[in-house]
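Only the coordinates and a few stated rules stand behind these numbers; no lab work does. In this text the structure is predicted, and so the values were computed from the model without any measurement. Here the Cβ is made from the backbone with ideal geometry for all residues, glycine too, and neighbour counts use every protein chain on show.
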Amino acid sequence: MSNPSLRQRDAACIAEIGRLRFSPLSLVGGRGNRLIEEGGREVLDLSGSAGPAMLGYSHPAIVEAVEQSVRSMAGASLLLYPNEPAVSLAERLLALTPGTGERRVWFGHSGSDANDCALRVLAAATGRSRFISFIGSYHGNLSGSMGISGHTAMTHTLPRPGVLLLPYPDPYRPRFSAEEVLSLLDYQFETTCPPDQVAAVFIEPLMSDGGLIVPPPGFLKALEARCRRHGIRIVVDEVKVGLARSGLLHCFQHEGLTPDLVVFGKALGSGLPLSAVVGPSEIMDHAPAFALLTTAGNPVAAAAGNAALRTIETEGLVERSARIGKLFADGLRALGDRHEIIGDVRGRGLAIGVDLVEDRTTRAPVPATTTAKIIYRGYELGAAFTYVGLKANVLEFMPPLTLTEDEVAEGIAIVDRAMADVAAGKVSDADVASFMMW
Ligand code: PMP
């Protein structure tokens with residue numbers, strides 16, 4: 001019998017609860033903006049591994065920083081001793097994140113644990129137990145962060161008691177306008193959700209996993225003002241769209257927000273597990289909340305974080321994300337002339353969504369199988385991307401910020417052909433049966 005493939009071994013030993021597979025791609029390596037699959041074929045990465053591959057793969061800045069740190073300090077715990085990379089990274093994050101007064105940084109390993117930490121410390125420090133977040137939001141996969149999320153993928157999870165989920169106004173499918181959502185919030189405050197019991201609102205400044213939705217102008221600012229009036233803290237979740245991806249260093253800057261807590265993840269470690277919460281010391285120093293993880297702030301991950309933040313500056317990635325992102329989005333938009341299935345192309349910088357519709361007038365989403373087929377065919381043609389959205393109808397493009405102009409053209413040509421081939425029936429339901437996520 002021939003040797004089983006990596007894909008077969010994966011299916012036989014990696015728990016299904018811990019994997020999302022959008023295509024048959026199996027990874028043996030990565031270089032630059034390409035993934036290398038078993039057999040050696042290179043695939044253009046248009047998903048950035050869902051965020052962490054901000055600098056693509058094997059970026060020399062990350063390799064060097066991690067190599068040096070693993071030789072000198074691997075194993076040291078920030079809980080017990082300060083280490084240079086973690087303290088430097090905290091100093092850097094404080095310098096880069098707008099805010100006033102005494103502030104502190106907490107480190108974790110994932111967006112999920114960072115949002116859990118924020119939730120817990122806010123409840124403890126404010127003495128308030130309720131939270132506000134959004135239908136469609138995704139803040140993580142641990143009990144706390146999952147409990148404040150409103151994603152379809154979580155219909156098997158009970159929401160955390162005391163969480164008020166609001167609709168996130170969607171300019172493309174305006175079922176609830178910004179004004180209506182704010183009015184609903186006012187009504188909740190007057191009736192079942194006394195605002196003085198609410199500790200914080202968790203905000204994605206660009207809703208990512210819920211469908212790459214850019215909020216209507218002024219909505220989040222108005223929400224912030226409503227909340228401030230009642231002493232409700234503002235938590236901005238920058239895990240997926242932060243750190244240059246949106247074309248500004250912080251995505252919340254597009255909205256003019258002044259958050260109390262900012263949550264970072266994914267790109268911060270650029271390949272190593274690393275997340276952070278930045279916030280005022282009156283909250284973050286609330287020691288009884290106790291958010292201790294032995295390996296958080298470990299020097300190897302922190303060294304990667306320092307290298308990632310330095311590289312944003314040295315390679316001008318904020319400007320690059322805005323420029324390459326515009327090129328990419330314009331190219332995808334132009335495909336709309338040939339493909340009726342493209343209802344909307346939106347996003348900021350290199351966080352781009354393509355909303356697929358059955359009919360441009362009704363804007364009815366395509367079935368998830370259609371989205372999956374385009375991704376499958378895209379993979380066959382040599383590009384990796386994924387889908388998001390409560391109806392699984394939005395192609396997500398979150399490539400490394402190091403994507404080149406030539407790679408943009410290559411990616412667009414692949415998406416173009418994938419859409420044409422799917423329309424021509426070249427991918428079957430059976431091909432994608434195992435790639436339907438929800
Ligand atoms: N917050 C946001 C906005 C996210 O998109 C995600 C992951 N998609 C998370 C938090 C959770 O991050 P992680 O998977 O690293 O725990």
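Quick look at the numbers
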| item | result |
| --- | --- |
| Label-point separation in nm, A287 to R323, each point 7 Å along Cα→Cβ | 5.0 |
| Cα-based Rg / Dmax (Å) for the chain | 21.4, 69 |
| Contour minus Cα-Cα distance for D431 and E84 (0.36 nm per residue) | 119.9 nm |
| Residues D330 and T361, FRET efficiency given R0 of 30 Å [Cβ-Cβ distance, rounded to 0.05] | 0.80 |
| Backbone HN-Hα couplings from phi across the stretch 73-82 [Karplus 6.51/-1.76/1.60, Hz, Gly and Pro as x] | 9, 4, x, 6, 10, 5, 5, 9, 9, x |
| Ranked by how many other beta carbons lie within 10 Å on average, peptides 64-76, 162-174 from highest | 162-174, 64-76 |
| Compactness of the stretch 61-314 - radius of gyration and Dmax, Cα, Å | 17.9, 58 |
| H230/E91 FRET efficiency (R0 41 Å; Cβ-Cβ; nearest 0.05) | 0.80 |
| Ordering of 402-409, 36-43, 133-140 by burial proxy (mean other Cβ atoms within 10 Å per residue, highest first) | 133-140, 402-409, 36-43 |
| Mean-position separation - Cα centroids, the stretch 154-228 and the stretch 18-79, in angstrom | 34 |
| Helix runs (DSSP H) in the chain reaching 15 Å along axis by Cα, Kyte-Doolittle at least 0.5 | 84-96, 299-314 |
| Positive-end residue, the chain charge dipole about Cα centroid, Cβ charges, pick of S112, G305, T402 | S112 |
| Neighbour cut-off at most 10 other Cβ (10 Å), DSSP loop, chymotrypsin sites (Phe, Trp or Tyr not before Pro), the stretch 214-290 | F290 |
| Student exercise, the chain dipole from Lys, Arg, Asp, Glu Cβ charges, in Debye to nearest 20 | 380 |
